[in-house]
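Data block below; observations after.
The values are calculated or read from the model by the stated rules, or taken from the named source; none is laboratory data. The model shown is predicted, which means the values in this text are computed figures rather than measured ones. Heads up, the Cβs are rebuilt from the backbone with ideal geometry, glycines too, and the neighbour counts pull from every protein chain shown. Side chains are part of the model used for accessible areas, which takes the heavy atoms of the whole protein and leaves out ligands, DNA and RNA. Shrake-Rupley method; radii C 1.70, N 1.55, O 1.52, S 1.80 Å.
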Amino acid sequence: MKYGLFLSAFTSEPRKPLAVAGRAAAAGYDAVFVYDHLFPPGGPDRPSVEPYTLLAAAAAQNPGLGVGVLVSRAGYRPLGILTKETSSLAHLSGGDAVLGLGLGDRFGRAEHDVAGLPFPPIEERTVLLEETARATRALLAGEPWPGGRMTAAVRGPLLPAAPAAVWIGGTSERVARVAATAADAWNGWGMPTDAFLQRAGQLGEWAREAGRDPADVPPTWAGIVLVGRDAAELASLEQQRADAGGSLDIWRGTVDDLRRLRDRVTAAGATWMVPLAAGPPDRLDLILETLCS
């Protein structure tokens, strides 16, 4: 199992998430991840740091720390540029590099509208997602992309080739089926544990139907984590979050609960856990200490 940490890019001060990336590297996390949003979902008047730029800075400051984006919507960035950005991040980091791709939802539509980009119907976006995954995997391997129904050919190779993994993230059956056929891994963000485990089992079945070894497209877990050392501390943290207007529709539990979560997703074949640490700053260290114990 590898462990990543989500950075919050919803800020006008890039040094803040960069400082968290430095703490993650010092603590021993394998990688840091950032979501790819033009602005916070539902908040077009709020700031957001550009993720690829942020991760490039984090990689330069912390050699060997992996970096990843979860997720870039298919069609949001031109295919060739998306691949070159990912390749550059992989070479800058010297560690694990992940390009996460997604289908897009109502928040994505709002961002596309602001950016002047098309947002096709979901059936077309599904085709675009699969083709983008196949294309970026080919281009990252130094091969050309012959083109598809929704994507133009890219002659390539877009050198230098890079050892970056392409994940597809999303909770729906539609997205997980695409991951099973076209990606290096599937990511289930914020899913209830039982739902994640069920989807992970289905992922293996769909991979076999596509003629792939399920081990070649493992599940990965991610979500907001609020953890307490015991039930009393957890209750206090939950109250503080509620008082501040934060949602409690997140994973919440004690350190023992977090270990049980780790064991359950590991048994389901998950190869990564990527928490976004909620609560006070020391939760970053507590989460990794708990997961590694």
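If I model a spin label at Ile122 and Ala27 as a point 7 Å from the Cα along the Cα→Cβ vector, what separation in nanometres do I get?
My value for the distance between the label points is 3.5 nm.
Which percent, to the nearest 5, of DSSP beta bridges fully inside the chain are antiparallel?
Counting DSSP beta bridges with both partners in the chain, the antiparallel share is about 5 percent.
Taking amide H atoms as placed 1.01 Å from N in the peptide plane, list the residues 5 or more away in sequence, or in a different chain, whose amide H sits under 5 Å from that of Asn187.
It is Ile168, Gly169, Gly170, Thr220, by chain and number.
On the protein heavy atoms, probe 1.4 angstrom, tell me the percent of accessible surface of the chain carried by carbon and sulfur.
Working: 6690 of 12700 Å².
Within the chain, the accessible surface is 53 percent carbon and sulfur.
Per 0.36 nm of contour for each residue apart, how much would the distance between Ala153 and Asp45 grow if the chain were fully extended, relative to their Cα-Cα spacing? Mind showing how you got there, number by number?
Values: separation 108, 0.36 × 108 = 38.88 nm, distance 3.65 nm.
Full extension from Ala153 to Asp45 adds 35.2 nm.
Report the FRET efficiency, 1/(1 + (r/R0)^6), for Arg212 and Thr271, where r is their Cβ-Cβ distance and R0 is 22 Å, rounded to 0.05.
Given R0 = 22 Å and the Cβ-Cβ separation, E is 0.90.
Amide H to amide H under 5 Å from Phe6: which residues, 5+ apart in sequence or cross-chain, H placed 1.01 Å off N in plane?
Residues meeting the amide H criterion: Phe33, Leu276, Ala277.
Provide the percentage of antiparallel DSSP beta bridges, counting only those with both residues in the range 71-210; round to the nearest 5.
Details: 1 of 10 bridges.
Here the share of antiparallel DSSP bridges comes out near 10 percent.
Would you please classify the overall shape of the range 1-105 from the alpha carbon gyration tensor, given that a ≥ b ≥ c denote the square roots of the eigenvalues, rounded means a/c under 1.5, and beyond that prolate means a/b larger than b/c while oblate covers the rest?
Note, shape of the range 1-105 comes out oblate.
Only one of the listed values, (i) 18.5, 59; (ii) 20.7, 76; (iii) 25.6, 83, was derived from the coordinates as Rg and Dmax of the Cα atoms in Å; which label is it?
Identified label for the calculated read-out: (i).
What angle, in degrees between 0 and 90 and rounded to the nearest 10, separates the Cα long axis of helix 173-182 from the longest principal axis of the Cα atoms of the chain?
For helix 173-182, the angle is close to 60 degrees.
Based on the Cβ-Cβ distance of Ser172 and Asp285, what FRET efficiency does E = 1/(1 + (r/R0)^6) give at R0 = 35 Å, to the nearest 0.05?
With a Förster radius of 35 Å, E is 0.55.
If you average the sequence gap of Cα pairs under 8 Å that are 6 or more apart and divide by the length of the chain, what percent do you get for the contact order? Write down the numbers at each step before the final one.
Numbers: 582 pairs, mean separation 45.1, N = 293.
For the chain, the relative contact order is 15 percent.
How large is the accessible surface per residue of the chain, computed with a 1.4 Å probe and reported in Å² as a whole number?
43 Å²
Does anyone have the angle between helix 231-243 and the longest principal axis of the chain? Alpha-carbon axes, 0 to 90°, nearest 10?
With rounding to tens, the tilt is 60 degrees.
Can you give the extra length, in nm with one decimal, that the chain gains between Ala141 and Arg15 once fully stretched, where that is 0.36 nm per residue apart less the Cα-Cα distance?
42.1 nm
In nm, give the distance between the simple-model label positions of Glu205 and Asp249, each being 7 Å from the Cα along the Cα-to-Cβ direction.
Distance between the two pseudo-spin positions: 2.7 nm.
Report the net charge of residues surrounding Pro41, where surrounding means a beta-carbon distance below 15 angstrom and charges are Lys +1, Arg +1, Asp -1, Glu -1.
-2
Just to confirm my numbers, what's the Cα centroid distance between the range 74-95 and the range 3-55 in Å?
The distance from the Cα centre of the range 74-95 to that of the range 3-55 comes to 17 Å.
Arranged from highest to lowest average of other beta-carbon atoms within 10 Å per residue, in what order do the peptides 73-83, 2-12, 208-218 appear?
Sorting 73-83, 2-12, 208-218 by mean packing, highest first, produces 73-83, 2-12, 208-218.
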